[in-house]
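Throughout, read-outs are computed from the coordinates displayed, never taken from laboratory work. A quick note: this is a predicted structure, and the numbers were derived from the prediction, not measured. Counting neighbours? That spans all protein chains shown, and the Cβs are built from the backbone with ideal geometry, glycine included.
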Amino acid sequence: MHGRPRKPLKPEDAAASAAKAEKLRVLQSQFLHNHHNHIYSKEAVELSTKLLETNPELYTAWNYRKLAVQHKLTENDSDPDSLKSILDEELRVVESALRQNFKSYGAWHHRKWILSKGHSSIDNELRLLDKFQKADSRNFHAWNYRRFVAASMNRSEEDELKYTEDMICNNFSNYSAWHNRSLLLSNLLKRKVEGFVSKEKVLPDEYEFVHQAIFTDPDDQSGWFYHLWLLDQTVRVDSPQLVSSWPTPGSDLILLGDRCLDGCASSPFTRFHLDSRTFPLVLYFNQAVEGVNSSTITVDSELNTNKDLVWKPLSSCNSKAAQVWVTQLNLPDGNTHSSKVFPVEDSSPISSLYQLSIKNDNELTDFEWRAATIAKEIDHFRELLSLINCKIGKLTLARLLMAHDAMMCPPANKISHSEEVLELYNDLMRLDPTHVQYYKDQHSLVLLQQVTSNWESLLSRCFHYSNSPSNRGSPMCLQLKNLSLSRLGSFDKLLWVQMLDLSHNELRSIEGLEALQLLSCLNLSNNILGSFTALEPIRQLKSLRALNISYNEIGAHSIDTTKYLCSSPLSHSVGSEWNHGQTVIDDDIKSYWEAYFILKGLNLTQFDIVGNAIVNEKFKSFLIKVLPGLKWLDGEQLH
Amino acid sequence: MAVAIIKVVDIIKIIIIYLVQQPASPPVSHAHSHSLLLRSPSYSHGLSTSHSLSLTAVSPTSPSFLKNSTSASPNRRWLRLLLRRFPTSVKLRPSLKFWLKWLKKVIKFSFAVVKPLPLTSLLLHLEMGELAADKHVKYIISVEKKKDSFESVVMEHLRLNGAYWGLTTLDILGKLDAVDEEDVISWILKCQDESGGFAGNIGHDPHVLYTLSAVQVLALFDKVDILDADKVSNYIVGLQNEDGSFSGDIWGEVDTRFSYIAICCLSILQRLDKINVDKAVEYIVSCKNLDGGFGCTPGGESHAGQIFCCVGALAIAGALHHVDKDLLGWWLCERQVKSGGLNGRPEKLPDVCYSWWVLSSLIMIDRVHWINKDKLVKFILDCQDMENGGISDRPDDAVDVFHTYFGVAGLSLLEYPGLKPIDPAYALPVDVVNRIFFSKK
């Protein structure tokens, strides 16, 4: 029972309760009798009133009253006065039920239903709500009802915005009011209502307003999310941008054929080792986009003409939108035995990072405003932290600094604040140990940004996997091991990677890794991946040949946290295909369906899985069945 | 009185934990440590959050818990060593001087042995009581029989929900056979209306809220087949509106709760293709807020219960890409308050039921590691009625079936030992869900 102390009833209370229960039971059975026999007499309806005033949750009684109202309306349809009195009586019953239980869904809905019949003054509703919302300013039923009433009476959004302001000024610790404010404001900005045409004019006042809340009590969460939203509004560029691509536009690509031993001394970023007759083009956007096709993207290449390119979104669901899009370029015959330089260019009508440096005036002023706002916020939060050591201050400062860097960062520029941000996250881990993993994840993201921020830093982590001279032409391996990474990011800078070593980190997920379309070797050993479904991104890595997931925690957990992030028979995405019998389900698939779904489309030749709880002989023979091309399993050659 | 004090002192054991993240800590003030010593064992709430050196009374149940665990886990071994140094044979209340000397010894010892171990979690593990599984089973069965109290009369109209909460709890505890399956099923069938929907109890009106519970309970018993799946699904299909939303019943209340119910129920019945799933998803997405959460209707404030419904519906619909996982994940993980419990909205009190709503949502979007699981386990266990069984919303409040279910289901999501795992989207044990989707003829 919500908020009721746990204590045994005194005998006299127990007796009283039993008597009350008996009375209620009699009422309920009388009521059900009336309901089943369609009795809508005055006494019968009054009985339901009495019942609802004791127990407003009794949904069947509200339904009965609706039937009774409909019954009476058909009887009295000519007389507006009696109509009004019937409906007013209903509103009165709802009001007293709400006094009994403010959270009764049934009562609130009954009120809406009555209003939909007309004949009642909606102005009254606002007065009633003011009274209710004073009594409980966080009741979300009342706020929902308020939005309904405001919409029904065409009350202006400016007036409602003023109302949230009053509520917040009255007590800033009112998340409901902040929420409604963000909603109203974003509508007003979207519709470009007079006075809300430009963010530049509106947002500074909002920052000022939310500062009052955060600076008064930094531990009160009410303003936190509003501030984050304002920050998002400040940084967000509405149109999607192409962040990076592989190959980079205008670059010359060196393709190395299968048996090519010519290890020419070009950078690893443009050299590509082929083992099939196609190679991918990858586009990486800053947000999920739709409609990438040969009419929106032009590719100039000696190899190909535009028309036969099919762009595919990389998403785990059957979504039409994705952040990463890929297409395959076909190589003409007979070229794979020599290395050849092919100039490849792609240009998209959507402004790319490289085109972004050429800004028109309008964008420039916009940019200045954004940058200035972020800089001002950074100062504010530094000031806050000089006064008080608080979690939200540090977290917001870290976010602001990253936003600042992202905004200021032309491709070659060094990240100026990452050291400070990393330190802030380290502080936060100590300050707020409950959420230590959240900060660790953020820390990993910043660290990866730092590592990938320039070529020198990346090159220092590139190694040849083998010293054997015959392998000189093979791609370099990017080593990101032993970095305590708990999360991956900065994929836009890693699109060129073909061999990646992520071993000895703390990864429990590889979300986003599908962007690395060139990957052929992936080492994820000694991490904390908890299930096969956590490997969903590798389903999209069609060139992957060697995979090492040894010494993880696959099979060691009873709760799978990535089950619903991949398409599985449990969700609609493959549910139908599965249910219509296109897959033959045997016992192995039943017990290892996660592994089956992740691995079945892969063409692995080398696979390491030793050191996971799931591994036993049965599982190994299952693997060999699912991966027919497999040559090496846990270092042992298969026949 | 004197005897009682000796008793308390006797059973309190002290463990000193050095939190690894902290640099060398200042010596503990003597007065402070002494006052801690005399606190009753149940006082252990805020201590684990102290930053430097934290002294904690171990509840009387813990030593037995240690003894029971025969596994020679290295973490436990040092503890046994430590406890051996504790003067268990003290018959009289020892002097303050004695305690201080002992304390010093233990501190020295613990610094030598304890430092390299992952202690924060171990500490919490020891502080915890255990799940009183048998008591909860008894409690649930007793509620079923106790029909005369005022509460049970008030709740009579949602008895089918109650059956789902109680029976799912029993199944997670491995005790579903404690009830008479025939009785339950024949009663459930009496709740079905000719429209195909189910009422909360015999004689009430049908509503999707109870239809889902009916289907879920039948799934627990592997008896979904006795339903006319088309009849039930037609009832639900008929409630989808033009904009993709769902009404709860013929009277037209619209809420994303009903979207979840419709999608979950149809999926269990393998009839999801009967509705317009894209439209249903579109409506749910229209209820997404700027904080990443979801509300009842477009514009409605984010609320953990509502978030569960929307995230769960999207999960089953295979459409979780509509969720901003980092934004929502941060909002959700900030629901954990100092006591370790979770609240449902910012600046609200923690409540055991959010162990389910928040946890399941965090799991579905793979962000559950952002909260402290050990602290949450402890909070739930603290809400148990150790005497009569059952779990309440907060420690020392009155228990009910609803919170008993959410507490036990929450513990299952936290991988508490001895419990069946529960599926975060279907809110049914994983083996039941797998039975539905993988044991096709």
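Things to note:
- Nitroxide proxy distance, nm - points 7 Å out along Cα→Cβ at residue A:557 and residue A:232: 2.5
- For the stretch B:318-441, a simple Cβ point-charge model (Lys and Arg +1, Asp and Glu -1, everything else neutral) yields a dipole of about 520 debye relative to the Cα centre.
- Expressed as a whole percent, the proportion of Cα-Cα pairs in the stretch A:50-202 lying more than 27 Å apart is 33%.
- Calculated FRET value between residue A:375 and residue A:134, using beta carbons and R₀ = 56 Å, to 0.05: 0.90
- A full extension of the chain between residue A:76 and residue A:287 corresponds to an added length of 70.1 nm, given 0.36 nm per residue minus the alpha carbon distance.
- 16 Å Cα-Cα reach of residue B:138 towards aspartates and glutamates, excluding residues that sit fewer than 8 places from it in its own chain: B:171, B:177, B:180, B:385, B:387, B:400
- Residues A:453, A:186, arranged from fewest to most other Cβ atoms within 10 angstrom of their Cβ, appear as A:186, A:453.
- Kirkwood-Stokes translational diffusion coefficient of the stretch A:126-192, alpha-carbon pairs, 10 °C, 1.306 mPa s, µm²/s: 132
- Simple rule: put +1 on each Lys or Arg Cβ and -1 on each Asp or Glu Cβ in the stretch A:502-628, find the dipole, and look at A:515, A:559, A:616; the Cα lying farthest toward the positive end is A:515.
- Shown here for the stretch A:181-238: GluC sites (Glu not before Pro) in loop regions (DSSP other than H, G, I, E, B) with at most 10 other Cβ atoms within 10 Å, namely A:194.
- Note: the stretch B:179-286, Cα convex hull, 91 Å³ per residue.
- The length gained by stretching the chain between residue A:158 and residue A:310 to full extension, at 0.36 nm per residue less their Cα-Cα distance, is 49.9 nm.
- Within the same chain, aspartates and glutamates fewer than 8 places from residue A:190 are excluded, and of the rest, those with a Cα less than 18 Å from its Cα are A:157, A:158, A:159, A:160, A:200, A:205, A:206, A:232, A:238, A:366, B:291.
- Spatial separation of Cα centroids for the stretch A:530-554 and the stretch A:1-57, in angstrom: 58
- All other residues whose Cβ lies under 13 angstrom from that of residue B:206 are scored, Lys and Arg at +1 and Asp and Glu at -1, for a net of -2.
- Note on the stretch A:48-151: lysine pairs with Cα distance below 20 Å, sequence gap of 8 or more or different chains, count 16.
- Qualifying GluC sites (Glu not before Pro) in the stretch B:235-296, DSSP loop, other Cβ atoms within 10 Å at most 10: B:242
- Each Lys and Arg contributes +1 and each Asp and Glu -1, all at the Cβ; summed about the Cα centre of the stretch B:303-366, the dipole is approximately 140 debye.
- Pairwise FRET efficiency - residue A:456 versus residue A:7, Cβ, R0 = 56 Å, nearest 0.05: 0.20
- Sites residue A:618 and residue B:177, calculated FRET efficiency, Cβ-Cβ separation with R0 25 Å, nearest 0.05: 0.25
- With a cut-off of 15 Å between beta carbons, the residues surrounding residue B:409 carry a summed charge of -4, where Lys and Arg count +1 and Asp and Glu -1.
- Rounded Å value of the spacing that divides the Cα centres of the stretch B:274-298 and the stretch B:345-413: 26
- Summing charges over neighbours of residue A:550, with a neighbour being any other residue whose Cβ is under 12 Å away from its Cβ, gives -3 when K and R count +1 and D and E count -1.
- In this structure the amide hydrogen of residue A:464, modeled in the peptide plane, comes within under 5 Å of the amide hydrogens of A:477, none closer than 5 places in sequence on its chain.
- Summary of the geometry: the stretch B:250-266 and the stretch A:612-629, compared by the centres of their Cα atoms, lie 42 Å apart.
- Checking the cross-link pairs A:620/B:420; A:563/B:279; A:542/A:600 against a 19 Å limit on the alpha carbon distance flags A:620/B:420; A:563/B:279 as lying beyond it.
- Taking other Cβ atoms within 10 Å as a rough exposure proxy, B:167, B:290 sort from fewest to most as B:290, B:167.
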